[in-house]
């Protein structure tokens, strides 16, 4: 318990400390208008690459369209590469063709920054697929999120133009993600992660048996996997695999990398909209909810797994089932909370084996999807909650609600509520359909509430663009591939486009002047209001489903 | 009308009951998505209850239980309709009293140009632009503008003020209101609004709710509520397959019944605010009318809560309106008593409030009684715009008082000198915001009277309150900068506009609007019309001209410019009530979940003869699953009734900054909204169990 707290403090503390300068740097990278002449030269390079498309100044509609068009191309590219991998180079182990629905699912999964994997990388994918189709998307999908946040913030700052998507994409990819990934990959290699394009190694064991050891360009893949809130592993076991995450130190580095960009996104938002005090409140609320979840996980994982409850073994080590002990108990208790809170979705332990209420903590992270959330998009999700909180709180102070000096009216409320509705709808309806039919019933690994949790988790992960799997679910079927593929695609772009429309609508309004009578979005009272709004509108929707899954299982074990 | 009517009278209650049932028409209910869901839920449970009673369906639940749920769902819908009906009923009661005096009256139409011929017609036959005659004792048939004549009019029917008012052609007192009575003399009036379009009619339409259109903030909130209803519909609908899965995978248990799902749905959707939303809007309008202000739209009422800047006329709003003598300043070598004596003599004939105040001050300070000059030969000089002096010639002395430069000329003409010290004195008085009146006895200057605008008592505190609410006050006056600055400082306004012209006023409003502020002002004259039209909240005085009334979006029947502050408060209270009840409604859901979910899921994953594991969620330890669900539904219905008075009165409102208002409302309605239903549901459960009803 103490070790867990210490580790949590160290990881979160260093992530917070590092996020501040990174947020400043990201604002510099994404908002060249405020930076110096040296910065302008870099933009000339990007403008040359983007060509004519990079010159137009875009309103929210054009920006959203550019984003969709680019992502459509990226999706098609990824789809083609995966579908034709058996004919493409860099395939030393001769990986065969993939099934059609899996190709769709994997392309959708990586283009949406979800990285939900219905395959095991070392078994099914060539190095070319891993690097060119997937790793490339891990960069651009994260860059898309950061770009969208920059556009949103510009709209809220009252700028007439939301910028240019193609410029923002390059700024985020080349100036932010690439340097960071190089740094983290180097550290990973130092920590023992392999980086090679040679095929699998062969070894003869002491018994004389032949063993094939999968390897590859792992360090590069893992670095952006963590930094870009992607989470898709090079190997099937993801960060539980000793090559992806060799030891305690790479594990700690991974956790900091997981939190870094989502945290810095909040600061970047604050800088671009020009209200750091507000950003501090938002950051504080996210942090508080994250810490609450961590505390919950530490508490519930401190109890032994129910299967061992009556056995004559030590009961004070907590739940060790499905955990890699080389990271220590602290290293594996924190990880699921951080990865589900940030829409990262990489795993270093079996989520299926978590105690039921810890599983609930993980699912809560995906349901809220804004306690730092994905790169860029986590802050966009939080913006939706903020607008609704402003609407409710603004009325309570007796004025037409205002956010960043613009009135929040019908259109903003409608779009915000729709965004919220979409997440709930996809998780609940998806789960309902699969729980009611053989599509889901035939694929669960366990009976009772645990099986229900498996289905619920899978749809939560897809809808939140998280990408982690509860596992235990036979999800490589066509219905799972198609359904979660569609959910991922819709829930990637709906929660980006609708908030962009909100920002567009807000920026077109007359500025209002703040006064003593205006709701402050910079104080503790508003923070309390925001937490209330997130919990009421974000979490209450899922309480009945949670009751039938993890909560029921928890009380069954308590008997 | 100005009398404070109680929240609910017997008549209002009875009339509302009838209207309540009429509102259960699904076409009426469909306008409010939240309550429409309740209506559908009531129909569904009723049918299920009947089917269960007849034995047609088996898994709906015990017939008595299902019918009890159905009955309470119907009550929920009824309570919501009742809330709206009461709000409307209170308005209708006011409208009825207005309409009583709105009865058909005879009008004396003047068809010819020469006004010789008088034709008696029904008031409804009058058309815009026609002229009619109103003589002493007549009731003015419709709203109009005086084109000829002067008369005193009793407007108590509209304003509640019994003192008669003067109405005359031209100027700022030229408009008359239908339903008021001419007391003396006669007027020729041009019809400005037809029967059914006048102020009274507008007022009636607004309070009755017939013409009520949803305001922007109300629309936004309605959308949020509709969306939340949709979310909770999804939440409950998916519970059917979820529970079916649980039964299937466990091989045992009870699928959640439709009755329970419907009950949960109604508990979760924001029925409290959904039921009270339109009542809140009507009540806001109603409060405005109780303050004797007629708004032309609900939008204007709502906007008044957003006001950032108040433009207030100095005279009548900030100051009492009349300048009063405040001090005597004697010239060198003159005693103050001598000055006061002459000043009093010179003012005896001055019937203006200023003149009278000089007499009064002299009496107070030096016990000088107003003398009777009847026995002495004397000659009064009245004030004229030409001489700008007044006074009296008595005993061969020429006593004068007047503006400094007028007296200076007078003294010089008499061969006297204008002392240097006098100029300094006059400037000093002016600098403090007062008006100097110089007194002379022939060619000798005696000193000056300081006339001072008296700032209303308590106005400074009101402005401080407004400042805490984030509202800036700007004093508008025709005075020069020096005077204006001094009064502004004394009254504690944030800013002032001196030597105000209509153009300057308009420019000031535009400047504030360009900075993103909402501006409120009041005005009465025709020259105020452009500024009124530009302001976001524009209150025209009822005594004002037709042009001013048409340019504004509210009319104050009391013609009291101080009313602006009350109007702002009413607007804020309206939005605040909406926000508070929405928060309360949402916060209630936690307790309802904890009451209904364990009851619903009690039969899932159960062992042999045991309750299911989710019984552990029953933190309230309710009597039985049926009692738990019924208690939640009953609480959900009763809370609507309990909150009707709050919806009608509005939440308590104090003029403090936004931060403390939010903190307070969040505690009362947020935290209170979480705790109250836990207590309420448990209490109802205890009662139900105690009475052996479940």
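Nothing in this text is a laboratory measurement; each read-out follows from the coordinates by a stated rule. As the structure is a computational prediction, the values presented were derived from the model and not from experiment. Counting neighbours? That spans all protein chains shown, and the Cβs are built from the backbone with ideal geometry, glycine included.
List of remarks:
- The stretch A:479-534 and the stretch A:69-110: distance between their alpha carbon centers, rounded to Å: 34 Å
- For residue B:495 and residue B:352, the difference between the fully extended length at 0.36 nm per residue and the C-alpha to C-alpha distance is 48.4 nm.
- Report note on the peptides A:487-496, B:408-417: ranked by the mean count of other C-beta atoms within 10 Å, highest first, their order is A:487-496, B:408-417.
- Residue B:468 paired with residue A:203, simple spin-label distance in nm, labels 7 Å along Cα-to-beta-carbon: 7.6 nm
- Legend: calculated FRET efficiency, residue B:166 to residue B:114, from the Cβ-Cβ distance at R0 = 25 Å, rounded to 0.05, equals 0.40.
- The P(r) of the stretch B:601-663 has a tail past 13 Å containing 75 percent of all C-alpha pairs.
- Cα-based radius of gyration of the stretch A:283-336 once divided by 2.2 N^0.38 Å, which approximates compact folds: 1.32
- Each listed q (0.14, 0.17, 0.18, 0.24 Å⁻¹) maps to a log10 I(q)/I(0) for the stretch B:278-358 from the Debye sum over equal C-alpha point scatterers, namely -0.67, -0.81, -0.86, -1.12.
- Kirkwood-based shape ratio for chain A, expressed as Rg/Rh from alpha carbons: 0.96
- Once the Cα-Cα distance is subtracted from the 0.36 nm per residue extended length, the residue B:106 to residue B:152 segment shows a gain of 14.6 nm.
- Those residues of the stretch B:448-488 whose amide nitrogen sits under 12 Å from the label point placed on residue B:562, 7 Å along Cα→Cβ: B:455-463
- Residues of the stretch A:384-408 falling in the label zone of residue B:667, defined by backbone nitrogen less than 19 Å from a point 7 Å along Cα to beta-carbon, are A:393-394, A:396-398.
- The coefficient of translational diffusion for the stretch B:364-473, derived via Stokes-Einstein from the alpha carbon Kirkwood radius under 10 °C and 1.306 mPa s, stands at 96 µm²/s.
- Average partner coverage of B:220-226, which counts Cβ from other chains inside 10 Å: 6
- Across all directions, the average flat footprint of the convex hull enclosing the Cα atoms of the stretch A:385-468 is 7.4 nm².
- Peptide ranges A:106-117, B:555-566, B:576-587 listed from the most packed, as the mean C-beta count within 10 angstrom indicates: A:106-117, B:576-587, B:555-566
- If you model the stretch B:511-623 as an ellipsoid using its alpha carbon gyration tensor, with each semi-axis the square root of five times an eigenvalue, the axes come out at 61, 13, 9 Å, biggest first.
- For the stretch A:1-152: rounded, prolate or oblate by the Cα gyration tensor [a/c cutoff 1.5]: oblate
- Peptide B:304-314 shows a mean partner chain C-beta count of 2 within 10 Å per residue C-beta.
- Inter-part distance where the stretch B:401-435 and the stretch A:180-226 are each reduced to a Cα centre, Å: 101 Å
- Partner shielding of A:439-448 amounts to 2, given as the average count of beta-carbon atoms from other chains within 10 Å of each residue beta-carbon.
- Additional length obtainable on full extension of the chain from residue B:54 to residue B:624, 0.36 nm per residue less Cα span: 202.7 nm
- Per residue, the convex hull volume that the Cα atoms of the stretch A:323-381 enclose (Å³): 68 Å³
- Here each label is just a point 7 Å from Cα along the line to Cβ, and for residue B:431 and residue B:610 those points are 9.3 nm apart.
- Tensor-based shape of the stretch B:434-506 (alpha-carbon gyration tensor, a/c under 1.5 rounded, otherwise prolate or oblate): oblate
- Note on the stretch B:535-693: Kirkwood hydrodynamic radius from all Cα pairs is 19.1 Å, rounded to one decimal.
- Ranked by how many other beta carbons lie within 10 Å on average, peptides B:323-335, A:361-373, A:197-209, A:219-231 from highest: A:219-231, A:361-373, B:323-335, A:197-209
- Angle in degrees between helix B:502-514 and the longest Cα principal axis of chain B, rounded to the nearest 10: 30 degrees
- Share of Cα-Cα pairs in the stretch B:651-694 lying beyond 16 Å, as whole percent: 54 percent
- Three semi-axes describe the equivalent ellipsoid of the stretch A:134-196; taken as square roots of 5 times the Cα gyration tensor eigenvalues and ordered largest first, they are 31, 11, 8 Å.
- On a per residue basis, the convex hull of the C-alpha atoms belonging to the stretch B:347-409 measures out at 100 Å³.
- With the simple model of a label 7 Å out from the Cα in the direction of the Cβ, residue B:360 to residue B:183 spans 2.2 nm.
- Using the Cβ-Cβ distance between residue A:40 and residue A:99 with R0 = 51 Å, the FRET efficiency computed as 1/(1 + (r/R0)^6) comes to roughly 0.55.
- Dividing the convex hull volume of the alpha carbon atoms of the stretch B:265-307 by its residue count gives 77 Å³ per residue.
- Acute angle (nearest 10 degrees) that the helix B:625-649 long axis makes with the longest principal axis of chain B, alpha-carbon atoms: 10 degrees
- Calculated FRET value between residue A:61 and residue A:10, using beta carbons and R₀ = 41 Å, to 0.05: 0.35
- Computed over chain B, the ratio Rg/Rh where both radii use C-alpha atoms and Rh is Kirkwood: 1.15
- Of every Cα-Cα pair in the stretch B:21-95, the percent that sits beyond 19 Å: 44 percent
- Global geometry of the stretch A:166-324, whether rounded, prolate or oblate, following the gyration tensor of its Cα atoms and the 1.5 cut on a/c: oblate
- Column: log10 I(q)/I(0), Debye, Cα scatterers of the protein assembly as shown, q = 0.06 Å⁻¹: -0.65
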